[in-house]
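The values are calculated or read from the model by the stated rules, or taken from the named source; none is laboratory data. Keep in mind the model is a prediction, meaning the values are calculated, not measured. All accessible areas refer to the heavy atoms of the entire protein, side chains included, with ligands and DNA or RNA removed. Shrake-Rupley method; radii C 1.70, N 1.55, O 1.52, S 1.80 Å.
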Amino acid sequence: MIRLLHVVSDSKNNNLHVRMAQKDAEISALKAKVSELYAQNDELGRENRKLSIHNSELNVAYNSLKEILRKRGACTP
(Lines give C-alpha, C1' and ligand atoms only; values in the text may rest on other atoms or scores of the structure.)
Protein backbone atom coordinates (compact mmCIF):
# COMPACT_ATOMS: atom_id res chain seq x y z
CA MET A 1 0.00 0.00 0.00
CA ILE A 2 2.83 2.37 0.86
CA ARG A 3 4.45 1.67 -2.52
CA LEU A 4 1.18 2.54 -4.23
CA LEU A 5 1.00 5.82 -2.32
CA HIS A 6 4.57 6.62 -3.39
CA VAL A 7 3.73 5.87 -7.00
CA VAL A 8 0.61 8.06 -6.86
CA SER A 9 2.52 10.79 -5.06
CA ASP A 10 5.39 10.60 -7.57
CA SER A 11 3.01 10.78 -10.52
CA LYS A 12 1.29 13.82 -8.99
CA ASN A 13 4.66 15.48 -8.47
CA ASN A 14 5.68 14.66 -12.03
CA ASN A 15 2.39 16.06 -13.34
CA LEU A 16 2.92 19.16 -11.25
CA HIS A 17 6.46 19.58 -12.59
CA VAL A 18 5.22 19.14 -16.15
CA ARG A 19 2.44 21.68 -15.64
CA MET A 20 4.87 24.14 -14.05
CA ALA A 21 7.27 23.72 -16.95
CA GLN A 22 4.41 24.34 -19.39
CA LYS A 23 3.35 27.46 -17.50
CA ASP A 24 6.97 28.68 -17.44
CA ALA A 25 7.13 28.19 -21.20
CA GLU A 26 3.86 30.12 -21.61
CA ILE A 27 5.19 32.93 -19.42
CA SER A 28 8.39 33.10 -21.47
CA ALA A 29 6.40 33.25 -24.71
CA LEU A 30 4.17 36.00 -23.32
CA LYS A 31 7.19 37.99 -22.14
CA ALA A 32 8.71 37.73 -25.61
CA LYS A 33 5.43 38.89 -27.15
CA VAL A 34 5.24 41.83 -24.74
CA SER A 35 8.80 42.83 -25.62
CA GLU A 36 7.95 42.63 -29.32
CA LEU A 37 4.83 44.75 -28.82
CA TYR A 38 6.78 47.36 -26.82
CA ALA A 39 9.32 47.60 -29.64
CA GLN A 40 6.54 47.92 -32.20
CA ASN A 41 4.86 50.58 -30.06
CA ASP A 42 8.12 52.54 -29.82
CA GLU A 43 8.52 52.37 -33.59
CA LEU A 44 4.96 53.58 -34.13
CA GLY A 45 5.55 56.38 -31.62
CA ARG A 46 8.62 57.55 -33.55
CA GLU A 47 6.68 57.44 -36.82
CA ASN A 48 3.84 59.38 -35.22
CA ARG A 49 6.26 62.09 -34.02
CA LYS A 50 7.75 62.35 -37.53
CA LEU A 51 4.29 62.71 -39.06
CA SER A 52 3.32 65.28 -36.45
CA ILE A 53 6.42 67.33 -37.24
CA HIS A 54 5.70 67.05 -40.97
CA ASN A 55 2.09 68.11 -40.37
CA SER A 56 3.26 71.14 -38.38
CA GLU A 57 5.64 72.11 -41.18
CA LEU A 58 2.82 71.83 -43.72
CA ASN A 59 0.57 73.97 -41.53
CA VAL A 60 3.26 76.66 -41.29
CA ALA A 61 3.76 76.60 -45.07
CA TYR A 62 0.01 76.75 -45.69
CA ASN A 63 -0.49 79.64 -43.26
CA SER A 64 2.45 81.50 -44.80
CA LEU A 65 0.97 81.03 -48.25
CA LYS A 66 -2.41 82.25 -47.04
CA GLU A 67 -0.75 85.33 -45.54
CA ILE A 68 1.12 86.08 -48.78
CA LEU A 69 -2.08 85.71 -50.82
CA ARG A 70 -4.01 87.82 -48.31
CA LYS A 71 -1.46 90.60 -48.65
CA ARG A 72 -1.82 90.43 -52.44
CA GLY A 73 -5.59 90.71 -52.09
CA ALA A 74 -6.41 87.29 -53.50
CA CYS A 75 -9.24 85.17 -52.11
CA THR A 76 -8.21 82.16 -50.04
CA PRO A 77 -10.31 79.19 -49.02
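Would you point out the residue of the stretch 10-21, among those that are open to solvent by 100 Å² or more (accessible area, probe 1.4 Å) and of a type outside the set (A, V, I, L, M), that is modelled with the lowest pLDDT?
In this case the residue turns out to be Lys12.
Working only within the stretch 54-77, note down all residues that are open to solvent by 100 Å² or more (accessible area, probe 1.4 Å) and at pLDDT 95 or above. Lay out the reasoning, then the answer.
Taking the stretch 54-77 and keeping what is open to solvent by 100 Å² or more (accessible area, probe 1.4 Å), we get 57, 62, 70-72, 75, 77.
Hits for the stretch 54-77 are Glu57, Tyr62.
Which members of the stretch 38-53 meet the condition of being of a type in the set (A, V, I, L, M) and open to solvent by less than 80 Å² (accessible area, probe 1.4 Å)? I'd like the intermediate steps shown before the answer.
Within the stretch 38-53, the first condition is being of a type in the set (A, V, I, L, M), and the residues that meet it are 39, 44, 51, 53.
Within the stretch 38-53, just Ala39 meets the criteria.
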